[in-house]
Amino acid sequence: MTLDPIPNTPGRQAIVDIYAEALADLKAILIGVDFTTVAKTRATQKIREIEKHITALKRDNAIWAERYIPKAYKNGFHQDRELLKKYLGNEYTATFSRLQRDAAMLTAQGVMADFNIIADALEQTYVGFIKFSQFTGNKQRIAASIGKGIIEGQSRPQVSKNILDNLRNNTVDGMITVGKVTMNAKAYSDLLARTLSRAAHTEGTVNRCKQDGVDLVIITDTGAVDFCRMYENQIFSISGNSKRFPKLTYRPPYHPNCTHNLSPFISEFADEGEVEIGSQFDKADSDLSSKEMARKYKPLKQVA
Ligand SMILES: [Zn+2]
């Protein structure tokens, strides 16, 4: 059985462009202003400008997700049409039903929420920088008015300056902090688009299987060297009712940039060898999350 490779992320360039433009706009708002000395009204006005751009960015996120995530879902839904045609014969129907459309839109809404986290984090970076600059400026003015006689100790102004420099660099580089991780917003939006499109693709394939009464699925073989290799060519049961194969608890993508995918597995078309190889997944691992799998199965050394 040949398995389709994963199609490219629909709208990938569009999302990268959206974030490149948003970052350029946000940077432009800060240019040429020293927020430690600027008047409060001017700082407030700049914050309003940032908020306007964030609102526009969220609208663009929504438009992108509604346009492209259902496409990824649909790609997954139709991915194995030839195989299913062969299996179902006259029973085969190519209809992308109302129910499927709703499921695709629901997936898009989840993606929208994930992208809005980036937008909120960007607001945090740019507004946070202005607010901290103003705060630092105020403190400097108060210290100056009290007089140089009162020494706070050299370290405190230095610490403030370091934080301010750090925040300023974040605005220049378009860095966001999500949870404990700090990363570039543009790179992160690209990663998110690719990973979430794949998740939507898989969702489409799984729902297609459910619609057609196919319970078994097989994971693609892309030659992984990370923990994902344990899933390759393995057969899972969507319902968990199979005696032979473990339940499909976790679906690809198993991690960011994961290239794996799944397809319906039709036992009638498979030979002994495929079933034999596909039965090697340790049932005890089916409840392990990606993190736990990564801990258990260290990457193999890559042969150059
Ligand atoms: Zn993978």
Rg and Dmax [Cα atoms of the stretch 101-247; Å; Rg one decimal, Dmax integer]: 25.3, 82
Set of lysines near residue 298 by C-alpha distance (under 21 Å), chain-local residues within fewer than 8 positions excluded: 283
Segment residue 210-residue 242, length gained on full extension (0.36 nm per residue, minus Cα span): 10.1 nm
Of 74/210; 180/296; 52/139, those spanning more than 18 Å from alpha-carbon to alpha-carbon: 180/296; 52/139
Local electrostatic count at residue 41 - Lys and Arg +1, Asp and Glu -1, tallied over other residues with Cβ under 14 Å: +3
The stretch 1-83: Rg to Rh, with Rh as the Kirkwood radius over Cα pairs: 1.27
Mean shadow area of the stretch 12-189, taken as a quarter of the surface of its Cα convex hull (nm²): 13.5 nm²
Per-q log10 I(q)/I(0), the chain, q = 0.11 Å⁻¹ (Debye; single scatterer per alpha-carbon; no solvent): -0.78
Relative contact order of the chain, defined on C-alpha pairs under 8 angstrom at six or more residues apart (%): 21 percent
Relative frequency of Cα-Cα separations exceeding 22 Å in the stretch 215-296, percent: 17 percent
Label zone at residue 163, where the point sits 7 Å out along the Cα-to-Cβ direction: the stretch 119-149 residues whose backbone N lies under 13 Å: 128-140
For a label point 7 Å along the Cα-to-beta-carbon line of residue 272, residues of the stretch 238-255 with backbone N under 14 Å: none
Two-decimal ratio, the stretch 50-110, of alpha-carbon radius of gyration to 2.2 N^0.38 Å: 1.57
Relative packing of 161-173, 51-63, 258-270, which averages over residues the other C-beta atoms within 10 Å, highest first: 258-270, 51-63, 161-173
Relative contact order of the stretch 12-189, pairs being alpha-carbon contacts under 8 Å that are 6 or more residues apart, as %: 32 percent
Residue-averaged [θ]222 nm for the chain, counting only DSSP H segments that reach four residues, each worth -39500 (n - 2.57): -20000 deg cm²/dmol
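Values in this text are rule-based calculations from the coordinates and carry no lab data. Everything quoted here is computed from the prediction, not taken from an experiment. As a convention, Cβ positions derive from the backbone with ideal geometry for all residues, glycine included, and neighbour counts pool all protein chains shown.
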